[in-house]
Each structure stands twice: as structure tokens, then as C-alpha cells.
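A quick write-up on the structure given underneath.
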Amino acid sequence: MSGSLRLALFGPPGAGKGTQAQLLKDKLNLAHISSGDLFRHHLGEGTELGTRASEFMNKGLLVPDGLVIGMVLGEVAGLGQDSGFILDGFPRTREQAEALDTALKVRSQPLDLALLVSVPEAELVRRLGGRFICRECQAPHNLEESQFTSPPRCERCSGELYQRDDDRPDAIQVRIGVYQKQTAPVLDFYRERGLLKEISGVGAVEEINARAITVLGLDSPGQVG
Ligand code: ADP
Ligand code: ZN
């Protein structure tokens with residue numbers, strides 16, 4: 001049976017919200033809609049939307065609302081009426097939040113909760129700056145500066161490791177600034193409606209997931225799954 005929770009997940013870049021979204025999706029049996037993944041999929045397919053979006057993504061800037069809203073709400077519209085979902089990376093502006101609100105009202109299926117995964121800024125810079133991906137097997141790696149070799153190699157397949165354009169130091173600062181400026185007002189939008197819950201994103205992945213399950217009120221026996 002699929003879960004029916006309707007959740008939006010928030011957190012600065014590097015907070016690990018994608019990882020938590022994946023775990024929650026599996027545990028609670030929800031659809032997972034990630035705006036970043038949708039854009040990367042479009043880019044991989046070579047669509048015009050993907051090409052246009054990548055110009056902003058590579059610089060760490062938000063893709064304009066006009067390109068984002070239709071794409072994500074199209075995915076939501078494709079879900080079954082009773083299907084629960086996790087939105088990951090959307091809404092990221094006040095305008096996106098309002099468009100989502102309207103679309104869900106039309107379906108009589110308002111959001112149940114907005115969950116913020118928070119991580120101190122110094123920790124974000126450290127995490128993102130050390131994130132490398134294998135060109136061959138795509139495995140993510142976290143490298144400390146002392147481990148940098150040129151070029152760094154994958155532990156699994158010794159493929160060459162590279163950094164996503166938007167994980168380079170200058171783009172990281174832009175992304176964190178954009179989050180603070182444009183996405184913080186979205187948190188207020190949900191706080192005003194009494195829907196916002198916050199957990200710390202520092203610690204082990206499973207530990208953070210347990211915090212999420214707890215604030216969602218799903219950790220009493222018999223309610224999970
Ligand atoms: P992160 O959370 O690490 O920044 P994402 O995969 O969520 O990574 O997003 C990558 C990029 O895709 C963002 O930096 C932005 O350019 C674009 N993007 C994703 N979601 C949105 C959105 N809702 N609105 C505008 N741009 C977005
Ligand atoms: Zn590899």
C-alpha cells in the first residue's frame with residue numbers, strides 16, 4: 001500500500017536532504033519528486049528545458065520560476081489522487097510556494113508538513129567542497145583537502161573523480177547565499193501556516209532519519225510503513 005503523507009523537504013545545499021528524501025520515500029512508500037533530479041534528467045536527454053536550466057545551475061543560481069513551476073507541478077498532477085509524495089528541492093521561492101499551494105488546493109490535497117533539515121554554514125562549505133563524483137561509476141566521494149591528488153581517483157574502480165560545476169568553491173558560496181535570500185522566505189510561508197518542523201542534519205544518516213520519523217509523528221509502533 002502506498003503512503004499518503006504529503007511532505008516538502010527543505011535544507012541548504014549540502015544538508016543531505018536528497019539522502020533523507022530517498023530513505024523516507026522507501027520507508028513511507030511515497031513518490032519522490034526532486035526538482036534537481038528532474039533538471040539533470042532533462043539535461044541528460046538533451047531537451048531545451050535541460051539546456052536552459054543548466055546555464056543557471058552551473059552558476060549556482062536558481063532556475064527561473066517559469067521553467068521550474070510547470071515541470072514540477074506537471075509531475076504532481078501525474079500522481080494518483082491518493083498518492084503521498086515528498087517534494088525535494090521545490091518550492092524554493094515564494095512564488096513557487098504559492099503556485100504549489102494553489103495547485104494542491106485544487107486537488108483538495110494540501111501539504112501535511114514542511115520539514116527543514118538544518119546544518120551550520122561552515123559544515124556545508126566543508127561537505128560540498130569535498131564532494132567528488134566518479135566519471136566512470138558515478139559513486140560520490142568525500143575528500144578532505146589532504147587527500148587531494150591530481151587527478152583524484154575512485155576507490156572502487158579507480159576512475160577519475162571530478163567536481164560538479166556547482167560544487168566548486170565560488171558556486172558553493174553563491175548557492176548558500178541564494179538559499180538564505182530566496183528560500184528563507186519560503187520557510188516563513190510554511191511557518192506562518194503552522195506546517196514547519198525542523199531537525200538537525202548533523203550526525204549519522206540513520207540518526208537524522210530517525211529524527212525525521214519522530215517529528216513526522218510516525219515512530220509509534222504500528223504506524224510506520
Ligand atoms: P542542491 O540542493 O544541492 O542545490 P539540487 O539538486 O536540489 O541541489 O539543485 C541543483 C540546482 O538545480 C540548483 O542549484 C538550481 O539551479 C536548480 N534547481 C533545483 N530546484 C530548483 C527550484 N525549485 N527552483 C529553481 N532552481 C532549482
Ligand atoms: Zn568509480
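The values are calculated or read from the model by the stated rules, or taken from the named source; none is laboratory data. Since the structure is predicted, the reported quantities are computational estimates derived from the model, not experimental observations. Cβ placement follows ideal geometry from the backbone for every residue including glycine, while neighbour counts extend to all protein chains displayed. Areas reflect the complete protein model, heavy atoms only, side chains present, ligands, DNA and RNA absent. Shrake-Rupley method; radii C 1.70, N 1.55, O 1.52, S 1.80 Å.
Pairing each residue of the range 77-92 that is farther than 15 Å from D112 by Cβ and assigned to a loop (DSSP other than H, G, I, E, B) with any residue that is open to solvent by 70 Å² or more (accessible area, probe 1.4 Å) and not hydrophobic (A, V, I, L, M, F, W, C), provided the two are 6+ apart or on different chains, yields C-beta distances under 7 Å for R92/Q182. The requirement of being of a type in the set (A, V, I, L, M, F, W, C) and in contact with a Phe, Trp or Tyr (Cβ under 6 Å, 6 or more places away or on another chain) is fulfilled nowhere in the range 203-211; no residue meets it. Please go through the range 62-73 and pick out each residue that is assigned to a helix (DSSP H, G or I) and open to solvent by 40 Å² or more (accessible area, probe 1.4 Å). Those that are assigned to a helix (DSSP H, G or I) and open to solvent by 40 Å² or more (accessible area, probe 1.4 Å): G66, G70. How many residues, within the range 51-61, are within 23 Å of V117 (Cα to Cα) and either within 16 Å of ligand 2 (Cβ to nearest atom) or open to solvent by less than 40 Å² (accessible area, probe 1.4 Å) (or both)? Residues meeting the conditions: 2.
Report, by residue number, each residue of the range 130-186 that is assigned to a strand (DSSP E or B) and within 13 Å of ligand 1 (Cβ to nearest atom). Don't jump to the end; show me each part of the working.
At the first step, the residues of the range 130-186 found to be assigned to a strand (DSSP E or B) are 131-134, 140-142, 153, 160-162.
Correct list: R131, I133, P140.
Go through the residues of the range 62-73 one by one and say whether even a single one is modelled with pLDDT of 95 or more, in contact with an Asp or Glu (Cβ under 8 Å, 6 or more places away or on another chain) and charged (D, E, K, R). So far as the range 62-73 goes, yes, one or more of its residues are modelled with pLDDT of 95 or more, in contact with an Asp or Glu (Cβ under 8 Å, 6 or more places away or on another chain) and charged (D, E, K, R).
Within the range 97-140, restricting attention to residues that are more than 17 Å from the chain's Cα centre (by Cα) and within 16 Å of ligand 2 (Cβ to nearest atom), the residue that is surrounded by the most Cβ atoms within 10 Å (Cβ to Cβ) is F132.
Could we say that L43 is open to solvent by 30 Å² or more (accessible area, probe 1.4 Å) and either touching a Lys or Arg at 6+ places or on another chain (Cβ under 7 Å) or away from ligand 2 (no atom under 16 Å from the Cβ) (or both) here? Can you show your working first?
On the way: open to solvent by 30 Å² or more (accessible area, probe 1.4 Å): yes; either touching a Lys or Arg at 6+ places or on another chain (Cβ under 7 Å) or away from ligand 2 (no atom under 16 Å from the Cβ) (or both): yes.
Considered against the rule, which asks whether it is open to solvent by 30 Å² or more (accessible area, probe 1.4 Å) and either touching a Lys or Arg at 6+ places or on another chain (Cβ under 7 Å) or away from ligand 2 (no atom under 16 Å from the Cβ) (or both), L43 comes out as yes.
Collect the residues in the range 20-36 that are within 8 Å of the chain's Cα centre (by Cα) and part of a helix (DSSP H, G or I), keeping them in residue-number order. Break it down into steps so the answer makes sense when it comes.
First, the residues of the range 20-36 that are within 8 Å of the chain's Cα centre (by Cα): 21, 34-36.
Passing the criteria: A21, S35, G36.
Residues in the range 5-19 that are among the small types (G, A, S) and either within 8 Å of the chain's Cα centre (by Cα) or farther than 19 Å from Q163 by Cα (or both): A8, G11, G16, G18. Within the range 141-191, the set of residues being among the polar types (S, T, N, Q), open to solvent by 30 Å² or more (accessible area, probe 1.4 Å) and more than 16 Å from ligand 2 (Cβ to nearest atom) comprises S146, S150, Q173, Q180, Q182.
Just to be sure, is E48 over 16 Å from the mean Cα position of the chain (by Cα), near ligand 1 (Cβ under 10 Å from one of its atoms) and open to solvent by 70 Å² or more (accessible area, probe 1.4 Å)? Give the steps one after another, and end with the answer.
Details: over 16 Å from the mean Cα position of the chain (by Cα): yes; near ligand 1 (Cβ under 10 Å from one of its atoms): no; open to solvent by 70 Å² or more (accessible area, probe 1.4 Å): yes.
In short, no.
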